[in-house]
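J.: One structure, pasted below without further comment.
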């Protein structure tokens, strides 16, 4: 007869074998303190956008969830002729726009914990977040750690889903703009998270001329993009999505 101690040891081992190991990323923490805790948005329009996503993940068929901030949400809007570019490239690939303008990384993490992942598990996820962290004065390492925390949450919740992590897009007119430099520094950090079903790509160079200038012809406010700007991005982005989840 097996001893009580042996039975207890086997039960203990079985319990921990049944608990999935926390998803691991190849990148190590970028700061030696915790990032901002997940936090909801209270702006009416941000709450409305979050509610839209929560409803759509349960009612709209999709293969890919595209998480982000205004860089992605504004792609849905009839501003600066952006929406026709979305309509011509994303719906047929099964991409659901799951972005909320103004979000920082902790706001996205809150959404991931409160409904944005309550639908069927997507085949792929695209993540582009962090520029608002920089705009509020955070250092690149802090923004990168927020991205890392969002990736960890996605890996835990969707362990078999492939993730396309996009580098932050250029902002500011020239290469020496302080926020542009912060974007470059952040991207150097988050690209180290690639591997184990996380693919990194920096497609923002398609928006710059040979001197590294971001033209107002593509980005009227030197942050968001018009239709011409998004049209520069889709030849880079479409094949990445097709490799992530298969062609449409």
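The values are calculated or read from the model by the stated rules, or taken from the named source; none is laboratory data. Note that this is a predicted model, so its numbers are computed, not measured. Note: ideal-geometry Cβ built from the backbone for every residue, glycine included; neighbour counts use all protein chains shown.
J.: I'm trying to understand the selection: among the residues of the range 79-94, which are more than 20 Å from the chain's Cα centre (by Cα), assigned to a loop (DSSP other than H, G, I, E, B) and either free of Cβ contacts under 8 Å to residues at least 12 places away in the same chain or on the phi < 0 side of the Ramachandran plot (or both)?
T.: 79, the sole residue that qualifies.
J.: Quick one: is residue 166 touching a helix residue (DSSP H, G or I) at 6+ places or on another chain (Cβ under 9 Å), surrounded by 22 or more Cβ atoms within 10 Å (Cβ to Cβ) and within 13 Å of residue 36 (Cα to Cα)?
T.: no
J.: Of all residues in the range 129-151, which are touching a helix residue (DSSP H, G or I) at 6+ places or on another chain (Cβ under 9 Å), surrounded by fewer than 22 Cβ atoms within 10 Å (Cβ to Cβ) and more than 11 Å from residue 105 (Cβ to Cβ)?
T.: Matches in the range 129-151: 135, 139, 141.
J.: Taking the stated definitions as given, is residue 194 surrounded by fewer than 21 Cβ atoms within 10 Å (Cβ to Cβ) and either in contact (Cβ under 8 Å) with a residue 60 or more places away in the chain or touching a helix residue (DSSP H, G or I) at 6+ places or on another chain (Cβ under 9 Å) (or both)?
T.: The answer is yes for residue 194.
J.: Hey, another quick one. Out of curiosity, is residue 154 within 27 Å of residue 39 (Cβ to Cβ) and part of a helix (DSSP H, G or I)?
T.: Answer is yes for this residue.
J.: Mind listing just one residue for me: the one in the range 169-220 that is in contact with a strand residue (DSSP E or B) (Cβ under 9 Å, 6 or more places away or on another chain) and at positive phi and, of those, modelled with the highest pLDDT?
T.: So the residue we want is 172.
J.: What residue, among those in the range 222-248 that are part of a helix (DSSP H, G or I) and in contact with a strand residue (DSSP E or B) (Cβ under 7 Å, 6 or more places away or on another chain), is surrounded by the most Cβ atoms within 10 Å (Cβ to Cβ)?
T.: Ranking the candidates gives 241 first.
J.: Let me ask something additional. Is it the case that residue 146 is within 16 Å of the chain's Cα centre (by Cα), touching a residue at least 60 places away in the same chain (Cβ under 8 Å) and closer than 15 Å to residue 129 by Cα?
T.: It is true that residue 146 is within 16 Å of the chain's Cα centre (by Cα), touching a residue at least 60 places away in the same chain (Cβ under 8 Å) and closer than 15 Å to residue 129 by Cα.
J.: Something else now. So is residue 87 modelled with pLDDT of 95 or more and crowded, with 24+ Cβ neighbours inside 10 Å or not?
T.: Considered against the rule, which asks whether it is modelled with pLDDT of 95 or more and crowded, with 24+ Cβ neighbours inside 10 Å, residue 87 comes out as no.
J.: Report, by residue number, each residue of the range 187-219 that is over 16 Å from the mean Cα position of the chain (by Cα) and in a loop (DSSP other than H, G, I, E, B).
T.: Within the range 187-219, 196, 209, 210, 211, 212, 213, 215, 216, 217, 218, 219 qualify.
J.: Spot the failing condition for residue 123; the list is (1) touching a strand residue (DSSP E or B) at 6+ places or on another chain (Cβ under 9 Å); (2) surrounded by 20 or more Cβ atoms within 10 Å (Cβ to Cβ), and only one is missed.
T.: (2) is the only condition that residue 123 fails.
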